[in-house]
Ligand SMILES: C[S@@+](CC[C@H](N)C(=O)[O-])C[C@H]1O[C@@H](n2cnc3c(N)ncnc32)[C@H](O)[C@@H]1O
């Protein structure tokens, strides 16, 4: 696969490719690397924050498959593939897991084959779509997922790219309204509550035309409480503090408790469940 810069991308950085750079990937170009380097200069823990966010996603999926028996996942704001991807984590728990991915960045579609390399027993699908059109995503996912059964909706490091004017609460409501009892919502969200120096990053993203909107812990809580979801213990915590014991079986990552601090990750994380009655 060529890593030449696609003509359509212009000279601006993209959030998916900046995140790919933070994770050590190769699907990023000059403008992405420049903006990413500025972010790292402004918030030196950016690489740690990206990695911890990704590992939170792995642990949340593992928890929901293992402890809650969920076998279907809808992941919006998927990002450029970076193994293990969500379906690989889920299908390691049960090869029959079914996963639908959605992202609005054409670069992710280019690499979507890596997201569809699941098990024969399960299923994976990808749709290029914008989270601000949640009905389209639900209609598409309906072909692969059975919405009469529990589905885990993953909005990991996505909602801080949705401006207040685009009604993130309304988007989440539309999505979770469609989910059966026993379904789950996974959210991680950038915040300046854990380290105010993260504020410097806002301007760097905005200079690239990327909406970035930090929210506080109460703002993140509302995505769950407004929809009647109950938070899984320990509630809303920094990504590094959400069930660190659910260690990654594939790479065996295990770090000493407390070796990463909330200030370093700058991101709230939580998992909630839709009541069964
Ligand atoms: C920081 S990455 C997170 C990737 C992955 N969820 C993770 O946490 O490892 C954010 C992703 O959200 C996507 N994104 C941003 N705004 C979006 C929108 N309105 N609709 C769909 N995807 C969006 C970006 O293209 C990017 O791939």
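Here, each number is a calculation from the coordinates, and none is a lab measurement. Just so it is clear, the model here is predicted, and its values are computed rather than measured. Neighbour counts run over all protein chains shown; Cβ positions are idealised from the backbone, glycine included.
At-a-glance table
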read-out: Entirely in the stretch 96-194, the helices (runs of 4 or more DSSP H) that have 1 or more residues that are buried (at least 22 other Cβ atoms within 10 Å of the Cβ) and in contact with a strand residue (DSSP E or B) (Cβ under 7 Å, 6 or more places away or on another chain); value: 134-141, 168-177
read-out: Count of the stretch 59-76 residues which are within 13 Å of the ligand (Cβ to nearest atom) and surrounded by 24 or more Cβ atoms within 10 Å (Cβ to Cβ); value: 6
read-out: Unique residue being closer than 20 Å to residue 226 by Cβ and within 16 Å of the ligand (Cβ to nearest atom) when the list is 99, 108, 156; value: 156
read-out: Which listed residue, of 40, 108, 61, is at negative phi and free of Cβ contacts under 8 Å to residues at least 60 places away in the same chain; value: 40
read-out: Residue in the stretch 234-244 that is surrounded by fewer than 16 Cβ atoms within 10 Å (Cβ to Cβ) and within 14 Å of the ligand (Cβ to nearest atom) present; value: no
